[in-house]
Amino acid sequence: MLTFFSVVVAAVIFEYSNGFHDAANAIATVVSTRVLTPRKAIAMAAFFNLTGALLGGAVASTIGKGLVDTNVVTMSTVLCAVIAAFAWNIATWWFGLPSSSSHALIGGLCGAALAAARGNWSVIKWNAGVWPKVIVPMVTSPFAGFIFGGLLMFLLFVTLHRFTPHFVHSLFGKLQIFSAAWMAHSHGTNDAQKTMGIITLALFTGTKAGSFDHLPDWLNFLKTPVFALPVWVTILCAATMAVGTAAGGWRIIRTLGHSMVKLQPVHGFAAETSAAVIIQAASYYGIPLSTTHVISTSIMGVGAVKRFSGMKWRVVERIIWAWLFTLPASGLIGYALARAAAAL
């Protein structure tokens, strides 16, 4: 029982870190274009992250039962996975790198499950889960963000070239508030669901193992004989994500909103709208997408159309390296933690 509460505490801390780590996903552009003050932008992102997190459950099901064989998963396995993801989140946040919290959690879970299975790779659901819902989207979603962001920006240029800069700036200064809100909402529908899946996996594992059999009646809500999202888990994770978002993530906001390319409201609108569409579609199909990848490449696509030479490609290169290392690094951390736990 102590291990379960440790899982919940660790998951809540991870969700909180996910909130401030990924706050930049929703508000970096709206802050950098000065459409909203940082305080107002974070408050808006927190609210719409909350509304998004309360909807859906397909992504949570993918994380909880679609990536690894639940028969080898124990409470300790889940705890090691969450700690591994949190460790990678903090490391990349410290260096201001917008890496993927989603991939950190997935890598930690796969690495810990692999250790629990003593190196048996068959416990990872490659064909049904990891390959189609993690690896393929990891490659295609950044391209989609770059292409859609660039295409929308090009169409806006063609449509708006007859209007004065003052009119365009004024119009998209208002429209960007809506695009940023939609981006925050779509972020909640995808990212908050992942921790919900992890906690539900811990409940399901504990119920199968009989960990909750001797609990008093008032704790019967912990028993989860089938994998289904409990309402209290949804509310807990949604609220934690919102609080974490409200804490802000200024290091990453500076990287996305200022270091890659200088943005104006029309550029922010194009990037946020493109990313929100892609993320919302992925959430519908239960794909645990990297919202960080999508918004980052959408900004790159918009910036490349604006002025290709204006992109700071050295910053982009650092971000790409962080993306590439996230899955294997968090997986290795999760594996090492699970092996160490087994040796105790």
Note: residue 69 to residue 174 extended length (0.36 nm per residue) minus current alpha-carbon separation gives 33.0 nm
With charges only on Cβ, +1 for K and R and -1 for D and E, what is the dipole size of the chain about its Cα centre, in debye, rounded to 20?
920
Using the heavy atoms of the protein chains and a 1.4 angstrom probe, tell me the accessible area per residue for region 146-206 in square angstrom.
44
With 0.36 nm assigned to each residue of separation and the Cα-Cα distance removed, residue 94 to residue 317 gains 78.5 nm
Lysine pairs in the chain with alpha-carbon atoms under 23 Å apart, 8 or more places apart or on different chains: how many are there?
18
Over the chain, with every protein chain in place, what whole percent of the accessible area is carbon and sulfur at 1.4 Å, could you tell me?
70
Using packing as a proxy for protection, rank 134-141, 109-116, 273-280, 220-227 so that the peptide with the highest average count of other Cβ atoms within 10 Å comes first.
109-116, 273-280, 134-141, 220-227
Per the 1/(1 + (r/R0)^6) rule, R0 = 22 Å and r from the Cβ atoms of residue 155 and residue 284, FRET efficiency to 0.05 is 0.35
Give me Rg over Rh for region 41-181, both radii from the alpha carbons and Rh done the Kirkwood way, two decimal places.
1.11
Which order do peptides 120-132, 47-59 fall in by mean Cβ count within 10 Å, highest first?
47-59, 120-132
What Kirkwood radius, in Å to one decimal, follows from the Cα pairs of region 1-118?
15.6
What is the set of long-range amide H partners of residue 68 at a cut-off below 5 Å, with H atoms built 1.01 Å from backbone N?
125
Highest mean first, how do 161-174, 322-335 rank when packing is the count of other Cβ atoms within 10 Å averaged over residues?
322-335, 161-174
What's log10 of I(q)/I(0) for the chain at q = 0.11 Å⁻¹, Debye sum over Cα points only, no solvent?
-0.65
If I fit a long axis through the Cα atoms of helix 313-343 and take the longest principal axis of the Cα atoms of the chain, what angle between them do I get, 0 to 90°, rounded to 10?
10
Give me the extension gain from residue 226 to residue 118: residue separation times 0.36 nm, minus the current Cα-Cα distance, reported in nm with one decimal.
36.3 nm
Once every DSSP H run of n ≥ 4 in the chain is given -39500 (n - 2.57) and the sum is divided by its residues, what mean residue ellipticity at 222 nm do you get, rounded to the nearest 500 deg cm²/dmol?
-25000 deg cm²/dmol
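The values are calculated or read from the model by the stated rules, or taken from the named source; none is laboratory data. Note that the coordinates shown come from a computational prediction; the quantities given were computed from them, not determined experimentally. Methodologically, a virtual Cβ is constructed for each residue, glycine included, from the backbone with ideal geometry; neighbour enumeration extends over all protein chains shown. SASA here: full protein model, heavy atoms, side chains in, ligands and nucleic acids out. Shrake-Rupley method; radii C 1.70, N 1.55, O 1.52, S 1.80 Å.
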